[in-house]
Structure formats: C-alpha cells, structure tokens
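The values are calculated or read from the model by the stated rules, or taken from the named source; none is laboratory data. The model shown is predicted, which means the values in this text are computed figures rather than measured ones. Neighbour counts are summed over all protein chains in view; Cβ atoms, including those assigned to glycine, are modelled from backbone coordinates with ideal geometry. Areas reflect the complete protein model, heavy atoms only, side chains present, ligands, DNA and RNA absent. Shrake-Rupley method; radii C 1.70, N 1.55, O 1.52, S 1.80 Å.
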Amino acid sequence: MMAVSSACRDANKMAVDAGKYVRYTPEQVEALERLYHDCPKPSSLRRQQLIRECPILSNIEPKQIKVWFQNRRCREKQRKESSRLQGVNRKLTAMNKLLMEENDRLQKQVGQLVYENSYFRQHTQNAATLATTDTSCESVVTSGQQQTTSQRPPKDASPAGLVSIAEETLTEFLSKATGTAIEWIQMPGMKPGPDSIGIIAISHGCTGVAARACGLVSLEPTRVADILKDRLSWYRDCRAVDVMNVMSTGNGGTIELLYMQLYALTTLAPARDFWLMRYTSLLEDGSVVICERSLNNTQNGPSMPSVQHFVRAEIMPSGYLIRPCEGGGSIIHIVDHMDLEPWRVPEVLRPLYESSTMLSQRTTMAALRQLRQISQEICQPNVTGFGRRPAALRALSQRLSKGFNEAVNGFMDEGWSMMESDGIDDVTLLVNSSPSKMMGENQFYSNGFPAAGTAVLCARASMLLQNVPPAVLLRFLREHRSEWADSGIDAYSAAAVKAAPCTIPVARTGCVGGQVILPLAHTIENEEFMEVVRLENLGHYREDMFMPGDIFMLQLCSGVDENAVGACAELIFAPIDASFSDDAPLLPSGFRIIPIDSSKDVSSPKCTLDLTSALEVGHAGNKALADNNGSRSGKSVMTIAFQFAFEVHLQESVASMARQYVRSIISSVQRVASALSPSRFGSLNGSPLSPGTPEAQTLARWISQSYRCYLGVELLKPSNEGGESTLKTLWNHSDAILCCSLKALPVFTFANQAGLDMLETTFVALQDITLEKIFDEQGRKTLFNELPQIMQQGFICLQGGICMSSMGRPISYERAVAWKVFNDAEDAQCMCFMFINWSFV
C-alpha cells in the first residue's frame with residue numbers, strides 16, 4: 001500500500017509540474033476508461049492516436065493524459081490491494097472464530113476427561129472394596145463383556161427407520177465435526193494461516209480412517225451444498241454415484257439412498273463401492289448439513305447386493321456442515337470417516353488403506369480445493385491458457401484423470417477384456433473395442449487417410465519402489481521425458497488424433513530435453529497444474545509413412561510438492577490434435593506413485609531431480625540429502641498405464657510393441673529411481689558418478705593432478721579447503737569437462753555442469769552416450785587416430801571443430817584438450833576431455 005501511495009503521489013506531482021489542473025468531463029473520462037480497459041499502459045504513440053481519434057480530448061495535452069493513466073493504474077492497484085486485505089481480514093476473523101470454537105471444545109474435552117478420571121478412580125476404589133466382601137461382581141463384569149462383544153443388531157431401513165437413522169447420523173456427524181467424538185490431531189505439514197487451504201486434522205486411534213477440514217470460501221451455503229453433493233465433479237477417485245431413491249422428512253429434510261463406486265488407485269487392489277444414505281437438512285441457525293453413512297447392516301428396507309470386482313466398504317457418519325459467514329461466504333466443516341476393508345488387499349498395501357493422511361489428501365482436501373477454486377474463478381472470471389476458461393480446463397483435467405483411472409481399473413462393463421499373457425505377468429494387456437470407448441475418435445485425417453485406431457489396447461503394470469520420494473521421481477519423469485519415452489511410440493500415439501495445422505502458440509515458455517512446456521492452468525496452492533507439451537522435431541506416424549511435425553501432449557501433473565505428506569504423485573498425458581478443441585479425443589496414459597508409508601515425512605524440498613545441486617554445498621549437501629531420504633525406508637507403489645489406439649487386424653503386433661515398451665519404461669524408471677536414491681550412488685567403475693559423493697571428490701582430485709602432471713599448468717585454482725572445494729571448482733568450471741571409460745567403446749561416466757549443458761543431458765542418461773556419438777565422421781576419424789598418442793604421451797591438444805549434443809544439435813568449440821587420468825597408484829583410471837569456448841551453432 002505504501003508503494004502504491006508513493007506512486008500516486010509521484011503521479012500527482014507530475015500533474016502539478018504540468019502547470020495546470022485538468023478537470024475531465026464525464027465524456028472524456030468514459031473515452032479514457034474505454035482505452036484503459038483495452039490497454040492499461042498505452043505508449044506515447046497510442047496516446048497521441050487517442051487524441052486524434054477522440055475530438056473531446058483535443059484540449060488535453062498528451063503529458064496530462066499520461067498522468068491520468070498513471071493515476072488510474074494507481075487507483076486500480078489500491079482497489080485490488082484493499083480488496084485483498086479485506087478478504088484476508090474476513091478470513092482471519094472467520095479463522096479466529098473457528099479457533100475460539102476449537103478452544104472451547106478442547107476445554108470441554110479437558111473438563112470431561114478430568115471428570116471421567118475422577119469417576120473411574122472412585123469406581124476403582126469402590127470395586128476394590130467390594131471385591132474383598134462379595135465375589136458376585138465377577139459375574140456382572142463377565143456378563144457385561146459378553147454383551148459388548150456381541151454383534152450389533154441390524155437397523156430398521158423402513159421409511160420410518162430411515163428417518164431415525166438419519167437423525168442419529170446427524171447427531172454423530174456433528175459430534176465429529178464440532179465435538180469430541182474423535183480425537184483429532186493436526187495433519188503433518190499443514191499449518192493454519194491466512195494463505196492456507198484451511199485447518200486440516202486427521203484421526204488418532206479411532207476405528208477406520210478419518211479426516212476433518214475446516215475452511216472459508218466466498219460462496220453461499222446453498223451453492224456450496226450443490227457443489228459438494230455433485231461428487232463426480234470434484235472427487236477424481238469417484239467412478240459413479242447413482243441416486244436409487246429419494247424421500248422427504250417431516251422437518252423439510254431430504255433422504256437419498258445412493259450407490260457409489262470408487263476407482264482403485266493401483267492394479268494391485270480391487271475397487272471399493274458403498275451403499276449409503278445421504279441426509280440433507282437445515283439447522284435453526286441457517287446452517288446446511290449434509291451427512292452420510294453406509295447401510296450395510298439393515299433390514300426391512302432396500303438393499304444393494306455385492307457387485308463383482310468391488311469390495312463393499314463402509315462410510316461411518318460423515319458429511320459437511322456449511323455455516324453462513326458474516327459479510328458473505330461460508331464456513332465449511334468437512335468430515336470423512338471410512339472403513340476401507342484393508343484386510344482385503346495385499347499386506348504391503350494395507351498402510352495405504354489404513355492411512356488417514358491419504359484419505360485427507362485425496363478426499364477431504366480435494367473438496368475444499370474445488371470450492372476455493374470455483375470461488376476464485378467467480379471473483380476473477382478471466383480467460384486462461386489458450387483462450388480456455390477455468391471451467392473448460394477443469395473439464396479437460398477431469399477427462400484426463402477419469403480416462404487414466406479407467407485404464408488402471410479395466411472394468412468389464414466398460415468393454416475391457418484381458419488378453420492372454422506371454423508367460424511373464426509383469427505387464428497386463430487389456431483390449432477395448434466397444435463403440436462407447438471409441439466414441440469421439442476421429443475417423444479420418446484431414447487429407448483423407450483413415451485414422452489409426454478402431455480399438456484401444458491398454459498395457460498396465462505396478463511396481464514397488466524403495467527410498468525414492470514420489471515427488472522427486474515424478475518431477476524427473478516430467479522434465480526429462482527423453483529418458484524414458486520413445487519418440488516413435490509418441491508419434492504412433494499421435495496418429496490416433498486428427499492431424500491439423502498447428503494453432504497452438506509457439507512461444508517457448510520452458511524447454512526441457514527437447515520438449516517445450518506451455519502452462520495452461522494451476523489449481524489452488526499449485527497442487528495440480530495442466531500444460532501442453534510440444535515434442536519438437538518428431539512426426540506423425542501412419543503405417544510406413546512418417547509425416548514431419550511437432551507432437552502435442554495435454555498433460556496433467558499433481559503431487560510435486562515434497563512437503564505434502566501422504567500425497568500421490570501423478571503424471572497423466574494424452575496426445576492431442578494441434579487445434580486443441582474441447583471435444584478432442586483423449587487416450588490418457590501415465591504414472592501414479594502412491595506412498596504406502598505415509599506415517600513418515602516426505603523428503604526435504606531441497607532434494608533435487610538430477611542430484612546436481614548437491615555440489616552447491618559439496619559433501620555436506622549430499623549428506624543432508626542422505627539424511628532426508630536415505631535414512632528412511634519409505635515405500636511407494638508406482639502404477640503405469642499406457643493406452644494405444646489401433647486397427648483390429650494389427651492387434652498382435654501392437655500388443656507385442658506395448659509389452660516391450662512398458663517393460664522398457666519399467667527398466668528406465670528403476671534405473672532413474674536407483675540414481676535418485678541417496679543410498680545407491682554408483683562407484684567409479686560402474687554407473688556415472690553423482691556429484692557430492694566421496695568418489696566424485698576423489699575423481700576431481702585425480703583429474704586436476706593428471707592435468708598438472710601432463711601439461712605443467714593448473715587446471716583449477718589452488719585451494720586449501722580439500723576435496724570438496726576441488727570438486728565444486730571443477731563443477732563450476734566454464735569449459736565443458738567430461739570423463740569417459742577406457743573401453744573398446746568409451747562411454748561417459750562424469751561431466752561438470754558445463755559438460756552436461758553441452759551434451760544436453762543429465763547424470764542418469766550420461767552412461768548412454770558414447771564418445772563416438774558426439775563427433776561427426778571427420779571428428780571420429782581424427783580422434784581414433786590420436787587415441788594411441790593419448791595413451792602413450794598422456795595428453796593431446798585438438799584443433800577447433802564441431803561436435804553434437806545428445807539432442808543432435810551441432811556445437812562448435814575453439815579447441816579441445818584430452819588427457820589420461822591416473823589414480824593414486826598411477827594406474828590409468830579414465831580419459832578426460834575439456835572443450836574450450838564451446839557454443840551451440
């Protein structure tokens with residue numbers, strides 16, 4: 001506010017300096033406002049053009065119009081800042097009210113515990129006294145134990161019985177939302193504040209799993225209720241919600257009988273379904289209550305038989321309390337309490353189904369994020385990326401998520417059938433040729449060629465990962481697609497959509513490893529973002545033809561925050577037509593990484609993708625990385641699902657290709673996970689060295705010593721700080737320094753930052769690049785002619801020339817030096833190259 005006011009004072013001073021005060025007429029203000037909305041900061045030429053086009057402004061000097069626009073921008077900033085501060089103030093007031101209510105609840109709980117403690121102490125003393133004079137109490141205690149362990153009788157599900165169940169559910173839900181029915185603890189990593197999503201808590205020591213959230217949104221209670229009841233619009237794990245029956249109650253409430261299905265998150269566990277009652281009513285203070293519970297143990301009423309491939313789970317009294325807030329908006333209390341039948345899944349996955357944190361991340365907080373997202377869109381109804389409104393982008397993200405969940409689950413009622421295995425059960429293949437699956441697929445290219453697919457094949461697999469934070473691994477997969485993806489497969493997948501002239505902007509907002517990432521939208525707190533990925537210099541595949549052109553992927557990414565405890569990390573993508581129409585056919589594929597040891601914290605946010613930033617602090621940085629990750633035995637399950645459209649007569653060949661492709665991805669992921677794991681750094685003679693390790697520090701010392709021995713000059717500036725400083729200096733050297741093995745086909749094993757930049761690669765992929773690959777034919781001929789001299793003399797100086805990066809880009813260098821690196825025993829360890837003054841051509 002001080003900066004804005006200062007700018008306004010400067011603008012007013014300019015107006016005074018102009019020598020005259022101008023009072024604008026309403027017509028003049030209207031003309032200036034029109035231009036302001038089109039262009040808030042017009043250039044001098046645009047202001048002069050405005051004067052020429054609007055005769056009513058002819059008596060105003062251009063400098064005074066400039067001052068008017070400055071003042072107008074200042075007023076706009078002041079208005080926005082004032083509105084923001086008012087919103088923060090309202091939020092703080094509401095949160096203060098919630099905290100006061102929570103404090104009152106805790107005080108009542110403390111008083112109740114003190115009373116119960118006193119009562120039980122007195123009861124224990126009385127029981128001890130009676131035990132010495134009368135032994136009949138033993139039979140009473142035994143009888144009570146037998147009664148408590150007996151099975152609960154079924155509830156009456158007749159119309160009158162449902163009303164009674166509804167009122168009971170309402171009471172139990174309110175006791176969880178605002179009372180002491182469940183012991184709540186603050187969710188790890190979630191601190192309440194004006195910028196937080198809300199107050200998030202998870203259960204401690206109750207039956208099943210439970211989570212609670214409380215937040216403020218600028219939506220009216222009835223609107224909030226409508227959004228929350230429409231589960232399919234915000235709950236990504238929800239497959240279907242069918243309203244089987246509706247009845248009214250005498251107090252104006254509504255009872256609905258629902259059948260709900262949830263997707264399974266992985267191929268290793270079955271999906272869940274629920275037979276439940278939903279009760280909506282209005283409290284005396286104007287609050288709206290929506291509460292639910294399962295009807296698993298009922299009689300004399302409607303029921304839902306078990307469904308094949310689903311496990312019937314239970315929703316205990318849960319729901320939403322929506323209270324009107326002073327000044328507009330609503331305060332929302334959300335409670336989710338479920339028993340997901342963890343004993344029905346493999347033992348390794350049971351922590352996932354016993355995790356209240358996971359329930360909070362995927363269900364409770366998802367509802368709150370949806371409400372806040374819609375509230376923000378109403379306040380700022382602007383068109384976002386590629387001319388799409390937020391609602392349209394939400395619909396696209398929903399389609400991506402739903403399509404991926406369908407591929408992971410492969411339900412028979414959606415047309416999926418399993419193909420016969422090839423004898424190895426690591427990858428499962430399913431085929432779907434139903435018309436509903438192919439609906440929306442384009443049948444012809446614009447030039448008349450037939451489309452690639454009349455059916456869809458899905459290759460899916462799951463694998464267990466150890467000691468790799470899901471967020472770190474997912475960010476690597478997103479930013480280094482070339483490490484695991486096959487460009488030919490991408491081109492084949494792109495052939496399933498119509499090839500049209502490119503209409504997507506080509507502004508390069510971020511280029512990573514041959515891919516250009518064009519951001520579309522972010523959700524609240526950047527929990528999820530959608531983007532268009534342009535894969536450059538690829539093409540569209542059709543049979544024996546390869547049509548040049550870029551490939552576009554619509555991509556949904558979530559769970560990249562390493563501080564989000566228990567959050568799944570997902571990378572879902574689908575090839576799209578360059579026209580990017582709203583009804584474009586989508587065949588989503590991707591990865592889902594689920595932490596199954598969510599009681600432990602996720603890694604430090606300082607952990608990096610390619611492990612290179614450990615050099616910023618040397619060995620200490622690597623030690624911190626190991627402390628954050630390596631000391632934990634955190635487990636996670638990665639589920640992979642890839643979909644391919646194909647012509648029916650090509651089913652066998654496409655199936656073989658899909659199996660091989662997914663297996664290669666699994667191999668790549670395992671290699672990447674091994675490299676990212678701090679407990680599995682490679683050795684000098686194995687994988688490429690990771691910076692920050694003792695081996696890398698030793699190699700840096702050997703490189704420097706060998707260079708000084710053969711060439712008689714220092715490669716690096718001398719330092720008294722030891723190996724860590726030597727490695728750091730080598731890493732930050734301006735010239736590209738690369739080491740390769742002494743083998744018949746030398747491969748690179750180490751590179752500094754300039755070397756990685758020159759090769760356009762990462763440490764994980766460094767071992768896949770051979771020495772001869774970076775030189776052209778003439779360069780290879782020269783190099784192999786000089787190799788004997790390097791081994792005999794120890795070094796050689798090469799004239800300037802051209803080499804190639806891993807992405808095929810030509811690189812020019814002024815000169816190069818190659819020398820033999822020997823260890824402390826004076827044995828040849830590797831060969832080192834330094835490319836001086838290199839640049840991309």
Quiz item: Amide H of N245: which non-local residues (sequence gap of 5 or more, or other chain) have their own amide H closer than 5 Å, using H built in the peptide plane?
Solution: L257
Practice problem: Find out how many positive minus negative residues lie around L798, taking Lys and Arg as positive, Asp and Glu as negative, among other residues whose Cβ is under 9 Å from that of L798. | Solution: 0
Quiz prompt | Per-peptide average of other Cβ atoms within 10 Å, ordering 295-301, 173-179 highest first | solution = 173-179, 295-301
Quiz prompt | Amide hydrogen neighbours beyond the local backbone of A271, cut-off 5 Å, H modeled | solution = A264, V311
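For region 300-367, would you read off the P(r) tail past 17 Å as a percentage of all alpha carbon pairs?
Values: 1371 of 2278 pairs.
Counting pairs separated by more than 17 Å, the tail of P(r) holds 60 percent.
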Exercise. May I ask for the equivalent-ellipsoid semi-axes of region 722-841, computed as the square root of five times each C-alpha gyration tensor eigenvalue and listed largest first in whole Å?
Key: 20, 19, 14
Exercise. Order these peptides, 229-235, 266-272, by their mean beta-carbon neighbour count within 10 angstrom, highest first.
Key: 266-272, 229-235
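For the full complex of protein chains and a 1.4 angstrom probe, list R659, R344, R121 by accessible area with the highest value first. Could the numbers behind the result be given before it?
Values: R659 30, R344 105, R121 145 Å².
Per-residue accessible area, sorted high to low, gives R121, R344, R659.
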Exercise. Find out how many positive minus negative residues lie around L787, taking Lys and Arg as positive, Asp and Glu as negative, among other residues whose Cβ is under 13 Å from that of L787.
Key: +2
Quiz prompt | At q = 0.27 Å⁻¹, base-10 log of I(q)/I(0) for region 638-677 (Debye sum, equal scatterers on each alpha carbon) | solution = -0.91
Quiz item: How big, in percent, is the set of alpha carbon pairs in region 192-346 lying more than 27 Å apart?
Solution: 28
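Could you tally the net charge around R323, taking each other residue with its Cβ under 11 Å from the Cβ of R323, Lys/Arg +1 and Asp/Glu -1?
Working: positive: K97; negative: E101, D285, E326.
That sum, taken over residues with Cβ under 11 Å, equals -2.
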Quiz item: In the full protein assembly as shown, how much of H649 is accessible to a 1.4 Å probe, in Å² to the nearest 10?
Solution: 140
